[in-house]
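A.B. asks: First the structure, then my questions, so here it is.
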Amino acid sequence: MSFPYSYLVIEGNIGSGKTSLSQKLAADWEANLVLEEFADNPFLPKFYDQPERYAFPLELSFLSERFSQLKKEWQPDLFQPKIISDYFIAKCNIFASNNLQEDEKKLFNKMYELVAQQMPVPDLIVYLYVQTERLQMNIKKRGRDYEQGISDDYLNNIQSQYIQHFQQHPHLTVLMLDTTEIDFVKDEIWYDKIKALIQQQYSPGIHRLTLSPQNSLWT
């Protein structure tokens, strides 16, 4: 089956594998791949070291970068009919809600709303739900120095913010896959199962499935 969407988003917590899945799907479906540009963000390592001081400039810089990147994809002369991204613009608000102080949130939300209303809504959001212990293993494995001190509480809060956002926006179509017990990067069988699930039709709302060697029905 060919790529069934114009705009597919793969999302998830830190270390969930969203970029890896996006890359594999874009290659298979010959889709335009949009990856988050964070490696050169000067505020990111500083944020993990001093979060209260650098949270606001970090979130502003991400909002600006993500808006510029996604806006470029929808300029008429550059429009691609098949787009797969490893983030969506609401990620800005999700992380800001977790990281900012109340007065900072109010200011940030005003700017975010101006940006969000200019962005298209994804046809489908695939959210990779991974339990915290496995996220920490993945984070340690990929070895980014500034990520090594991320706490379980921080990861739990981010996960909760994502789920809360989906619940508060029932018009979004979300396929939430618990991939804690599988490795779709190394095991092509699981990757093929995920790909088949993405190709199915879903109504707006959250559709939860668990992928596990002990559960072949993914219920």
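A.B. asks: Within the group Gly149, Gly205, which residue is free of Cβ contacts under 8 Å to residues at least 40 places away in the same chain and over 17 Å from Ser20 (Cβ atoms)?
C.D. replies: Values: Gly149 fails: free of Cβ contacts under 8 Å to residues at least 40 places away in the same chain.
Unique residue meeting the criteria: Gly205.
A.B. asks: Hey, can you tell me all the residues within region 138-154 that are farther than 23 Å from Lys24 by Cα and either part of a helix (DSSP H, G or I) or under 17 Å from the mean Cα position of the chain (by Cα) (or both)? Give the steps one after another, and end with the answer.
C.D. replies: Let us first name the residues in region 138-154 that are farther than 23 Å from Lys24 by Cα, namely 145-154.
Answer for region 138-154, where residues must be farther than 23 Å from Lys24 by Cα and either part of a helix (DSSP H, G or I) or under 17 Å from the mean Cα position of the chain (by Cα) (or both): Asp145, Tyr146, Glu147, Asp152, Asp153, Tyr154.
A.B. asks: Looking for something under 21 Å from His165 (Cα atoms), acidic (Asp, Glu) and surrounded by 18 or more Cβ atoms within 10 Å (Cβ to Cβ) - is there at least one such residue anywhere in region 55-77?
C.D. replies: Within region 55-77, one or more residues are under 21 Å from His165 (Cα atoms), acidic (Asp, Glu) and surrounded by 18 or more Cβ atoms within 10 Å (Cβ to Cβ).
A.B. asks: Which residue, of Tyr127, Tyr112, Tyr87, is of a type in the set (Ser, Thr, Tyr), part of a strand (DSSP E or B) and closer than 29 Å to Ile206 by Cα?
C.D. replies: Values: Tyr112 fails: part of a strand (DSSP E or B); Tyr87 fails: part of a strand (DSSP E or B).
None of the others qualify; the one that does is Tyr127.
A.B. asks: Considering (1) touching a residue at least 40 places away in the same chain (Cβ under 8 Å); (2) of a type outside the set (Asp, Glu); (3) more than 26 Å from Gln69 (Cβ to Cβ), say which one Leu172 fails and leave the rest.
C.D. replies: (3)
A.B. asks: Evaluate the following for Asp49: is it among the charged types (D, E, K, R), surrounded by fewer than 16 Cβ atoms within 10 Å (Cβ to Cβ), at negative phi and within 19 Å of the chain's Cα centre (by Cα)?
C.D. replies: No: the conditions fail for Asp49.
A.B. asks: Considering only residues that are open to solvent by 60 Å² or more (accessible area, probe 1.4 Å) and of a type outside the set (S, T, N, Q), which ones fall in region 148-168?
C.D. replies: Residues satisfying the conditions are Gly149, Asp152, Asp153.
A.B. asks: Being out of contact with any strand residue (DSSP E or B) (no Cβ under 9 Å at 6 or more places or on another chain) and at pLDDT 95 or above is true for just one of Lys24, Lys18, Lys46. Which residue is that? Write out each step before concluding.
C.D. replies: Details: Lys18 fails: out of contact with any strand residue (DSSP E or B) (no Cβ under 9 Å at 6 or more places or on another chain); Lys46 fails: at pLDDT 95 or above.
Within the list Lys24, Lys18, Lys46, the selection yields Lys24.
A.B. asks: Among residues belonging to region 182-193 that are under 21 Å from Arg142 (Cβ atoms) and in contact (Cβ under 8 Å) with a residue 24 or more places away in the chain, point out the one that is most open to solvent (accessible area, probe 1.4 Å).
C.D. replies: Checking each candidate, the answer is Val185.
A.B. asks: Working only within region 24-46, note down all residues that are without any contact (Cβ under 8 Å) to a residue 24 or more places away in the chain, out of contact with any Ser or Thr (no Cβ under 6 Å at 6 or more places or on another chain) and surrounded by 15 or more Cβ atoms within 10 Å (Cβ to Cβ).
C.D. replies: The initial filter retains those residues of region 24-46 that are without any contact (Cβ under 8 Å) to a residue 24 or more places away in the chain, namely 27, 39-40, 42-43, 46.
Still in the list and also out of contact with any Ser or Thr (no Cβ under 6 Å at 6 or more places or on another chain): 27, 39-40, 42, 46.
Hit for region 24-46 is Lys46, nothing else.
Residue by residue, here is whether (1) closer than 18 Å to Ser20 by Cβ; (2) part of a helix (DSSP H, G or I) holds:
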| residue | (1), (2) |
| --- | --- |
| Met119 | no, no |
| Gln136 | yes, yes |
| Asn156 | no, yes |
| Pro170 | no, no |
| Thr180 | yes, no |
| Asp192 | yes, yes |
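A.B. asks: What number of residues within region 123-145 are more than 23 Å from Ser85 (Cβ to Cβ), in contact with a helix residue (DSSP H, G or I) (Cβ under 8 Å, 6 or more places away or on another chain) and touching a residue at least 40 places away in the same chain (Cβ under 8 Å)?
C.D. replies: 2
A.B. asks: Determine which member of the set Asp103, Asp123, Asp86, Asp145 is touching a Ser or Thr at 6+ places or on another chain (Cβ under 7 Å) and surrounded by fewer than 16 Cβ atoms within 10 Å (Cβ to Cβ). I'd like the intermediate steps shown before the answer.
C.D. replies: On the way: Asp103 fails: touching a Ser or Thr at 6+ places or on another chain (Cβ under 7 Å); Asp86 fails: surrounded by fewer than 16 Cβ atoms within 10 Å (Cβ to Cβ); Asp145 fails: touching a Ser or Thr at 6+ places or on another chain (Cβ under 7 Å).
Answer to the check: Asp123.
A.B. asks: Would you mind finding the one in Ser212, Ser203 that is over 29 Å from Asn93 (Cα atoms) and in contact with a strand residue (DSSP E or B) (Cβ under 8 Å, 6 or more places away or on another chain)?
C.D. replies: Matching residue, one of Ser212, Ser203: Ser212.
A.B. asks: Also, I was wondering about something else. Residue by residue through region 194-219, note down the ones that are under 20 Å from the mean Cα position of the chain (by Cα), open to solvent by less than 90 Å² (accessible area, probe 1.4 Å) and farther than 21 Å from Ser6 by Cα.
C.D. replies: Leu209, Thr210, Leu211, listed by residue number.
The values are calculated or read from the model by the stated rules, or taken from the named source; none is laboratory data. Values in this document were obtained by computation on a predicted structure and should not be read as measured data. Heads up, the Cβs are rebuilt from the backbone with ideal geometry, glycines too, and the neighbour counts pull from every protein chain shown. Surface areas here come from the heavy atoms of the whole protein model, side chains and all, with no ligands, DNA or RNA. Shrake-Rupley method; radii C 1.70, N 1.55, O 1.52, S 1.80 Å.
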